[in-house]
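Asker: Before anything else, here's the structure in question.
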């Protein structure tokens, strides 16, 4: 995909990505960077970001990481997402870095990290994605 097609206006961003405050930061040829806005409404009883929201951010990041290397005629869907929560995540910006680690003509494996404003990795994931032709 082209950088321009990934850098969509908010009207073109899916509702779930809008809820997460997803913002495409760029692609350096290997690593896709995406920022999310972890909001206070995402917190659990401990005052930290609930794991489901972090998993959604990782799912979104791995998908965009895959799309960054695919042609415009293809897309991906998540088959599995293995998530590891490492540290509590706080309200504020969280940056994802995603990279493709394996690819065949039908499948991809993408890894992603979530990094908080203090440069601490709070969660990681490995996604298995199915490559599909767009209809």
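Asker: Antiparallel as a % of all DSSP beta bridges within the chain, to the nearest 5?
Answerer: That works out to approximately 100 percent antiparallel.
Asker: Right, something else. What is the Cα radius of gyration of the stretch 3-133 over 2.2 N^0.38 Å, N being its residue count?
Answerer: Dividing the Cα Rg of the stretch 3-133 by 2.2 N^0.38 Å gives 1.00.
Asker: Same structure again: Please report how far the C-alpha centroid of the stretch 73-135 lies from that of the stretch 14-58, rounded to the nearest whole angstrom.
Answerer: Result: 11 Å between the Cα centres.
Asker: At 222 nm, what helix-only mean residue ellipticity would the chain give, in deg cm²/dmol to the nearest 500, using -39500 (n - 2.57) for each DSSP H run of four or more?
Answerer: -5500 deg cm²/dmol
Asker: Connecting C-alpha atoms closer than 10 Å in a GNM of the chain, tell me which of 13, 120, 41 has the biggest fluctuation.
Answerer: 41
Asker: Hey, in the GNM for the chain with a 10 angstrom Cα cutoff, which one of 80, 62, 95 fluctuates hardest?
Answerer: Answer for the Gaussian network model of the chain: 80.
Asker: If you average the sequence gap of Cα pairs under 8 Å that are 6 or more apart and divide by the length of the stretch 3-133, what percent do you get for the contact order?
Answerer: Over the stretch 3-133, the number comes to 25 percent.
Asker: Hey, any idea what the orientation-averaged projected area of the convex hull of the stretch 27-87's Cα atoms comes to, in nm²?
Answerer: Taking the Cα atoms of the stretch 27-87, their convex hull projects to 5.3 nm² on average.
Asker: Tilt of helix 51-67 relative to the longest C-alpha principal axis of the chain, in degrees (0 to 90, nearest 10)?
Answerer: 20
Computed from the coordinates by the stated procedures, all read-outs in this text should not be read as laboratory data. No experiment lies behind these values; they were computed from the predicted model shown.
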